[in-house]
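Following: one structure in structure tokens, then a few remarks.
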Amino acid sequence: MLIETMKAVRIHAFGGPEVLVYEDAPKPEPKPGEVLVRVHAVGINPPDWYLRDGYRALPPEWRPQVPFPIILGTDISGVVEAVAGDVTGFSVGDAVYSMVRFFSVGESKAYADYVSVPAAELALKPKGIDHLHAAAAPMSLLTAWQFMVELGHDEANPLQPHRHAPVPLEGRTVLVNGAAGGVGHFAVQVAKLKGAHVVAVASGRHEPMLRELGADEFIDYTKTPPEDVADDVDLVVDALGGPTTGRFLSVLKRGGALFPVYPLGFSGAEEAEKLGITVSATQVRSSGAQLAEFAPLLNDGTIRVVIDSTYPLAEARAAHERAARGHIQGKIVLTTGA
């Protein structure tokens, strides 16, 4: 039997950007409950390079075991090519976008010409933006929304014993650290949309963009440590997270909250409890329903997608090298030959 092929970016071993290989791979077929999408653009995200590296930052017992070769990536925008017989709500030719099968390590397979997507994780692409911008939105916008507005799923949280709960934003002061990046630039806009006073923390070159997106105050961390000047904050969304996130405890009101997007390495739990501060995180999950909810906001520009740079799918290595240099403004996107 002849197997149809497509172009994809796969890895055959863990490592740096050099392990990304643009090559032929089997073209997927939609299983029951799935939709086959011809991919036009792919948004790249930190979990892509975490997986490429073999999740080296995690304890060995947490590192996933995956069968090689694997196709990286989760975020796509494209056009429906085929629909399984039991799927309703989507038709061949529909423009759609999705965060595919996250969190399911190695199963999303987005760096490719075609991807088969569970229908529940798919939504019609916002008509007011192109595939490039639609592909850049899913994971980062879902992360900001699920952290700050509505969790939208009941999956167990392996990062903490209790369910993550967003806090009220209207009339509150919200500080966003790493505000210029993928999650950060959406967190600024979501907080503003929900009525918060927003303090954005980033390097100085990003200030015009963040002011345009709605930031009320701006702190250039290259000139002033934000913990030295910010105070009386209700919520800190640390889009960078990690071991340094504890420095923001001092800027929060008693009864405030600290949401590190990357919570591993945080060691200030005892101090937070003494200060009456809630520290909480969640793990973003795919949701076609929430992507459909975002569509009107993306259509009319209420929420804007900022693109840092674009690369052809065949140059995924260069895109990952760009990501490794940091200081990203918005998102990096891959384009296919569609």
Q) How would you order 290-301, 217-228, 327-338 from highest to lowest mean count of nearby Cβ atoms within 10 Å? A) 327-338, 290-301, 217-228
Q: Determine the calculated [θ] at 222 nm for the chain from helices alone, applying -39500 (n - 2.57) to every DSSP H run no shorter than 4 residues and normalising by the residue count; nearest 500 deg cm²/dmol.
A: -6000 deg cm²/dmol
**Q.** Cβ charges +1 (Lys, Arg) and -1 (Asp, Glu), total dipole of the chain, debye
**A.** 240 debye
Q: Just list whichever of K127/K192; K194/K223; K125/K192; K223/K274 have alpha carbons separated by over 26 Å in the model shown.
A: K194/K223; K223/K274
**Q.** Exposure proxy order (Cβ contacts within 10 Å, fewest to most) of R304, R63
**A.** R63, R304
Q) Got a sec to turn the phi values of the stretch 214-225 into Karplus ³J(HN,Hα) couplings, 6.51 cos²θ - 1.76 cosθ + 1.60 with θ = phi - 60°, whole Hz, x for Gly and Pro? A) x, 4, 7, 9, 9, 10, 8, 5, 6, 10, 9, x
Q) log₁₀ I(q)/I(0) of the chain at q = 0.08 Å⁻¹, via Debye over equal Cα point scatterers, no solvent, to two decimals? A) -0.36
Q: Pairs of Cα atoms under 8 Å, at least six residues apart: use those to get the relative contact order of the chain, whole percent.
A: 19 percent
Q) How far is it, in nm, from the label point at Q65 to the one at A82 when both lie 7 Å from their Cα along the line to the Cβ? A) 3.3 nm
Q: Return the whole-Å distance between the Cα centroid of the stretch 26-62 and the Cα centroid of the stretch 280-325.
A: 14 Å
Q) Amide H to amide H, which residues 5 or more places from T282 or on other chains are under 5 Å from it, using H placed in the peptide plane? A) none
**Q.** Reciprocal of mean inverse Cα separation for the stretch 1-142 (Kirkwood radius, Å)
**A.** 15.4 Å
Q.
If the reach is capped at under 12 angstrom between alpha carbons, list the aspartates and glutamates near K31, excluding any in the same chain fewer than eight residues apart.
A. D86
Q | Relative packing of 241-253, 73-85, which averages over residues the other C-beta atoms within 10 Å, highest first | A | 73-85, 241-253
Q: Whole Å is fine, so just give me how far the alpha carbon centre of the stretch 204-236 lies from that of the stretch 64-130.
A: 35 Å
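Every number here is computed from the coordinates shown, using simple stated rules; none is lab data. Note that the coordinates shown come from a computational prediction; the quantities given were computed from them, not determined experimentally. Every residue, glycine among them, receives a Cβ derived from its backbone with ideal geometry; neighbour counts consider all protein chains shown.
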